[in-house]
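A.B. asks: Have a look at this one before I ask anything.
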Amino acid sequence: MKKIAFYDVKPYDREWFDRLNGGRYELEYFESKLNAKTAALSAGCEGAVAFVNDDIDAACIRELTRAGVRVLAMRSAGYSNVDMKAAFDSRLTVVRVPAYSPYAVAEFTMGLLLCLNRKIHKSYIRTRDFNFSLNGLTGFDLHGKTVGVIGGGRIGRVFMGICRGFGMEVLAYDPFPGEVEGVRFVSLDELYQSSDVISLHCPLTEDTFHLLDKKAFSAMKEGVIILNTSRGALIDSAALLEALNAGKVGGAGLDVYEEEADLFFEDRAGTLIRDDLLALLVTRPNVILTSHQAFLTQEALKNIAGTTLSNLDEYFAGGPLTNEICYRCKGAETSPDCRKTRKERCFPPRAEGQ
Ligand code: NAI
């Protein structure tokens, strides 16, 4: 039976993988994150399964392939933590789960907005202490306000629909704008100038790194609410803190943080947190920070496990791969020369033991 190394595993991940695996693979679970040091744990495994905060750089990829791994199955949509060029050069096939529940993330984003705007996080703490005062809890109606959605893909579109349900005017920016009923695609400048709430739903790439920086914040409306359930490094956190301190940004709902990799998903309550920027952000009453949990619904976990296992099945069956990504095509067919348009893999698979 083929062995698969499974990194950064939590009990909630295991539940669905164990249920859906049905004995087809021997799953070796490791609590450690995947990085250059832990890659050797994969010895004897033909596949490795990894997640968003694993550090899959060139050294890690070298160690993985040395250990015998031929396919890296990301159990996430994003793959900005994978050195795709190194994977391509090592002929390590990379697959992912492009969509598992856009509803999970979009609904959580609205949850952050409602909590932040109506200060539910504060009332929860007050009433537990029998403090029934309403002072300082005033919010604003979402109805009639303008939300700017950056990234009009799967999650962005579901979020747009939710916002429309609240009676908000929806603006969107995407370099590849599409048609969405009731939504106006505009330039980033117009979105910054007109939005009361700005929500990020684009991938982290070289182009989007620190998309929201000092200059972007200065172009926004006074008191704008910022939501980020995509990737931490889309926001320059130091610039966000400055904008919060100046009152330019009225609140931030953050499910991701640019330096989250060594912190999130674990209980650090007894640890001295040396990240001063994070420490300052979490003390702000108008910041809600969650630990990359927007994806965490039963439906999403089931879909992640199901798609990851079928990605592995496809790989070992030797046919075309539905969810393959490589550094040339980034998961999409971009040119007539792309092998995917010919229903082939991005590159021929490594032979067993190669
Ligand atoms: P998607 O691929 O369906 O959509 C992304 C959209 O962003 C595309 O329409 C693309 O054209 C657009 N885009 C690309 N470059 C852009 C730019 N420079 N400016 C604005 N838009 C740009 O991806 P999906 O499924 O909607 O996911 C969005 C992001 O959500 C992912 O990249 C991932 O980082 C994040 N995510 C976060 C989760 C969490 O638990 N917090 C869970 C799942 C995804």
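The values are calculated or read from the model by the stated rules, or taken from the named source; none is laboratory data. Just so it is clear, the structure is predicted and the values come from calculations on it, not from any experiment. Reconstructed Cβ throughout: ideal geometry from the backbone, glycine too, with neighbour counts over all protein chains shown.
A.B. asks: For region 20-35, check the following and say yes or no: at least one residue is small (Gly, Ala, Ser), free of Cβ contacts under 8 Å to residues at least 24 places away in the same chain and out of contact with any Pro (no Cβ under 6 Å at 6 or more places or on another chain).
C.D. replies: For region 20-35, residues small (Gly, Ala, Ser), free of Cβ contacts under 8 Å to residues at least 24 places away in the same chain and out of contact with any Pro (no Cβ under 6 Å at 6 or more places or on another chain): present.
A.B. asks: Would you point out the residue of region 121-148, among those that are surrounded by 15 or more Cβ atoms within 10 Å (Cβ to Cβ) and without any contact (Cβ under 8 Å) to a residue 24 or more places away in the chain, that is nearest to residue 225 (Cα to Cα)?
C.D. replies: 123
So that you can scan it fast, the table gives a plain yes or no per residue for (1) among the aliphatic types (A, V, I, L, M); (2) within 12 Å of the ligand (Cβ to nearest atom):
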site	(1), (2)
167	no, no
178	no, yes
181	no, no
234	yes, yes
239	yes, no
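A.B. asks: Against the condition surrounded by 21 or more Cβ atoms within 10 Å (Cβ to Cβ) and within 14 Å of residue 326 (Cα to Cα), how does residue 105 come out, does it pass?
C.D. replies: Values: surrounded by 21 or more Cβ atoms within 10 Å (Cβ to Cβ): yes; within 14 Å of residue 326 (Cα to Cα): no.
Judged against the criteria, residue 105 is not a match.
A.B. asks: With respect to residue 316, is the statement that it is over 29 Å from residue 156 (Cα atoms) and out of contact with any strand residue (DSSP E or B) (no Cβ under 6 Å at 6 or more places or on another chain) true?
C.D. replies: yes
A.B. asks: Exactly one condition in (1) touching a Lys or Arg at 6+ places or on another chain (Cβ under 9 Å); (2) away from the ligand (no atom under 16 Å from the Cβ); (3) at negative phi is not met by residue 123; state its number.
C.D. replies: Here residue 123 meets the rest and fails (1).
A.B. asks: Still on this structure, I have one more. Are there helices (runs of 4 or more DSSP H) fully within region 1-118 with at least 1 residues that are farther than 30 Å from residue 225 by Cβ, under 24 Å from the mean Cα position of the chain (by Cα) and within 16 Å of the ligand (Cβ to nearest atom)? List them.
C.D. replies: Because the criterion is at least 1 residues that are farther than 30 Å from residue 225 by Cβ, under 24 Å from the mean Cα position of the chain (by Cα) and within 16 Å of the ligand (Cβ to nearest atom), the helices (runs of 4 or more DSSP H) in region 1-118 that meet it are 11-21, 84-89.
A.B. asks: Within region 310-332, is even one residue modelled with pLDDT under 75, over 18 Å from residue 99 (Cβ atoms) and surrounded by 12 or more Cβ atoms within 10 Å (Cβ to Cβ)?
C.D. replies: Kept after step one, since they are modelled with pLDDT under 75, are these residues of region 310-332: 328-332.
When the remaining residues are screened for being over 18 Å from residue 99 (Cβ atoms), the result is 328.
Those left that are additionally surrounded by 12 or more Cβ atoms within 10 Å (Cβ to Cβ): 328.
Yes, there is a match, as at least one residue in region 310-332 is modelled with pLDDT under 75, over 18 Å from residue 99 (Cβ atoms) and surrounded by 12 or more Cβ atoms within 10 Å (Cβ to Cβ).
A.B. asks: Considering only region 268-297, state which residues are more than 16 Å from the ligand (Cβ to nearest atom) and not in a loop (DSSP other than H, G, I, E, B).
C.D. replies: Within region 268-297, 276, 277, 278, 279, 280, 281, 282, 283, 287 qualify.
A.B. asks: Among (1) over 18 Å from residue 234 (Cα atoms); (2) within 16 Å of the ligand (Cβ to nearest atom), where does residue 148 come up short?
C.D. replies: That leaves (1) as the condition not met.
A.B. asks: If a residue must be at pLDDT below 95 and of a type in the set (A, V, I, L, M, F, W, C), how many such residues does region 52-82 contain?
C.D. replies: 2
A.B. asks: One residue is enough: does region 201-213 have a residue meeting the conditions more than 20 Å from the chain's Cα centre (by Cα) and either in the same structural domain as residue 243 (by TED's automatic domain parsing) or under 17 Å from residue 252 (Cα atoms) (or both)?
C.D. replies: Taking region 201-213 and keeping what is more than 20 Å from the chain's Cα centre (by Cα), we get none.
So far as region 201-213 goes, no, none of its residues is more than 20 Å from the chain's Cα centre (by Cα) and either in the same structural domain as residue 243 (by TED's automatic domain parsing) or under 17 Å from residue 252 (Cα atoms) (or both).
A.B. asks: Report, by residue number, each residue of region 234-267 that is of a type in the set (Gly, Ala, Ser) and either in a helix (DSSP H, G or I) or touching a residue at least 24 places away in the same chain (Cβ under 8 Å) (or both).
C.D. replies: First, the residues of region 234-267 that are of a type in the set (Gly, Ala, Ser): 237-239, 243, 246-247, 250-253, 261.
Across region 234-267, the qualifying residues are 237, 238, 239, 243, 247, 250, 251, 252, 253, 261.
A.B. asks: Which condition number in (1) away from the ligand (no atom under 15 Å from the Cβ); (2) out of contact with any Leu (no Cβ under 9 Å at 6 or more places or on another chain) is the one that residue 197 fails?
C.D. replies: Condition not satisfied by residue 197: (2).
A.B. asks: Could you tell me which of the residues 171, 188 is modelled with pLDDT of 95 or more, within 16 Å of the ligand (Cβ to nearest atom), of a type in the set (A, V, I, L, M) and surrounded by fewer than 19 Cβ atoms within 10 Å (Cβ to Cβ)?
C.D. replies: After ruling out the rest, the residue left standing is 188.
A.B. asks: Might you check whether a residue that is over 17 Å from residue 235 (Cβ atoms), away from the ligand (no atom under 13 Å from the Cβ) and either touching a residue at least 12 places away in the same chain (Cβ under 8 Å) or outside any helix (DSSP H, G or I) (or both) occurs anywhere in region 200-214?
C.D. replies: Scanning region 200-214 turns up no residue that is over 17 Å from residue 235 (Cβ atoms), away from the ligand (no atom under 13 Å from the Cβ) and either touching a residue at least 12 places away in the same chain (Cβ under 8 Å) or outside any helix (DSSP H, G or I) (or both).
A.B. asks: All but one of (1) free of Cβ contacts under 8 Å to residues at least 12 places away in the same chain; (2) in contact with an Asp or Glu (Cβ under 7 Å, 6 or more places away or on another chain) hold for residue 151, so report the exception by its number.
C.D. replies: For residue 151, the failing item is (1).
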